[in-house]
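Taking it in order: structure first as structure tokens, then the write-up.
What follows draws every value from the coordinates through simple rules; no lab data is involved. Being a predicted model, the structure only gives us computed values, none of them experimental. Neighbour counts run over all protein chains shown; Cβ positions are idealised from the backbone, glycine included.
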Amino acid sequence: MAATLTEFAANPRWLGGTPAFSLVLHTWKQDLGRHVHVHALVAGGALAPSGEWRSSKRGFLFPVKALSKVFRGKFVAALKAAREKRTSAGATALDAASGVLLLARLHAHEWVVYAKQPLGGPAQVLEYLGRYTHRVAISNERIIAVDDHEVRFRVRDSAQGNKKRTLALPAATFIDRFLLHVLPGGFKRIRHYGLLGPAAKATKLAQARAALSVPAPDSVVVESLAAFMRRIDRIAWARCPHCGEGTFVPTAGIAPTPAPGPLSRGPP
């Protein structure tokens, strides 16, 4: 997705410059099933090589159908290269044949790219996206009951107008679904690209502010983590699960329980 957005932004037909965007990986549905997709927060313009800021003049940033086809092509090409490397390393003929069928199905299937102009300003967009960046697959407040056999939790049923209902899953199934959304080592849920890329972010953003005649942000205004979580998560992370109104207040740290026996440390 990053390569696709960068390529479209660099094309003079659309913007002809370096974009600024962030990608946030989201993998779950309300019932903890796997639903892998990426949220992209993209600036409505790009920084041209000449130093000017170029905004879209067509009423939209990029055509979504073209984005879908190019993204599909890049993804399938990368997947094909990875499978060819695996085949050369000793994969079976059956595995290679299944890979050919998979690539054919991916090419035939329509890929979904959805884009829209934000309803509010930058603050509302960042607040909305922040709810995805600092949450796990399910929050504590959605879990109603846990026993030795099953876990019951609240879900929104999109097929019924987002009505809330209770879903009960066997304990092992619940754990299995939850672990689907634990990212492997090396994976990052959030990545920044273009002007927001860490390599030259300070320089590039300064150039973009100059082109837009926007002052630099006040470095003194720093929000604490607790304040940020209260703002974007509506204090759900600290809400009392019994009364639903009060919030937990930290009073003291709990020291770890030492291991029994002469050794106080765990095994190597």
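Full extension of the segment from A97 to S56, taken as 0.36 nm per residue of separation minus the current Cα-Cα distance, would add 10.3 nm. For L179, L106, L5, L47, the sequence from fewest to most other C-beta atoms within 10 Å is L179, L106, L5, L47.
Between A115 and A81, the contour length at 0.36 nm per residue exceeds the Cα-Cα span by 9.3 nm. Taking each of K163/K201; K69/K163; K69/K188; K74/K116; K29/K188; K116/K164 in turn, the alpha-carbon distance tops 31 angstrom for K163/K201; K69/K163.
Packing, as the average of other Cβ atoms within 10 Å across residues, places the peptides 139-145, 162-168 in the order 139-145, 162-168, highest first. Relative to the current alpha-carbon distance between Q160 and L106, full extension at 0.36 nm per residue lengthens the span by 16.5 nm. Give me the net charge of V146's neighbourhood, meaning all other residues with Cβ under 14 Å from the Cβ of V146; Lys, Arg count +1, Asp, Glu -1. Net charge around V146: -1.
Spacing of the modelled spin labels on V136 and T203, each 7 Å from Cα toward Cβ, amounts to 4.1 nm. Highest average first, the peptides 34-40, 70-76 ordered by how many other beta carbon atoms sit within 10 Å of their residues are 70-76, 34-40. Placing a pseudo-label 7 Å from each Cα along the Cα-to-Cβ vector at R34 and E150 gives an inter-label distance of 2.5 nm.
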